[in-house]
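The values are calculated or read from the model by the stated rules, or taken from the named source; none is laboratory data. Here the structure is a predicted model, which is why all the values come from computation and not from measurement. Neighbour counts are summed over all protein chains in view; Cβ atoms, including those assigned to glycine, are modelled from backbone coordinates with ideal geometry.
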Amino acid sequence: MRRLTFISCLLFSSAQAACVVGSATLSSLGTYTYQTDAVMSAEVPLQCDPTDQPTLTFSAAGGQFDMTAQRYVGVLKAANGDQLQYFIPDVAGTSLDPAKTSFRFQITVPRNQWGASSSTYTGALTINVTF
């Protein structure tokens, strides 16, 4: 059994206070098995002036944007050094609709990562909102 946990989801915004960003709500990622993807959803409250064009980017230690697949790829780590890769699909320069009051995305730990030991895996993800 591999227990997956995101330690934190840090939010940052830049520019003046035209947008208000709330705390992320994360669903449980649960237990990862080699045969099935583990999927977690996240929702972040966001209220902006209708004239703003907010965008978001993701960052984490060991993470990077995959241009070919148009997704963010990150790593969860266990205390023993083992790693599990995760991805956030469809995030290429994600523009947010200022009329909406939140944005949602999914985090997927893909199946078939056979080298991972049974352990607890954690990682921090930073979401940057620019407006």
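A few comments on the model shown:
- Pair list, Cβ < 6 Å and 6+ apart or interchain, from segment 113-131 residues that are at negative phi and among the small types (Gly, Ala, Ser) to residues that are loosely packed, with under 15 Cβ neighbours inside 10 Å and not in a strand (DSSP E or B): SER118/MET1
- Per-region count, segment 92-112, residues buried (at least 16 other Cβ atoms within 10 Å of the Cβ) and either under 10 Å from the mean Cα position of the chain (by Cα) or at pLDDT 85 or above (or both): 4
- Residues in segment 106-131 that are closer than 28 Å to CYS48 by Cβ and touching an Asp or Glu at 6+ places or on another chain (Cβ under 8 Å): 2 in all.
- Residue check for VAL44: modelled with pLDDT under 90 and either within 12 Å of the chain's Cα centre (by Cα) or part of a strand (DSSP E or B) (or both): yes
- Residue in segment 120-127 that is surrounded by 15 or more Cβ atoms within 10 Å (Cβ to Cβ), farther than 30 Å from CYS19 by Cα, among the β-branched types (Val, Ile, Thr) and in contact with a strand residue (DSSP E or B) (Cβ under 9 Å, 6 or more places away or on another chain) present: no
- Test result for ILE88, assigned to a strand (DSSP E or B), at pLDDT 90 or above and touching a Phe, Trp or Tyr at 6+ places or on another chain (Cβ under 8 Å): yes
- Taking segment 56-65 as the range and being surrounded by 13 or more Cβ atoms within 10 Å (Cβ to Cβ) and in a strand (DSSP E or B) as the test, the residues that pass are LEU56, THR57, PHE58, SER59, PHE65.
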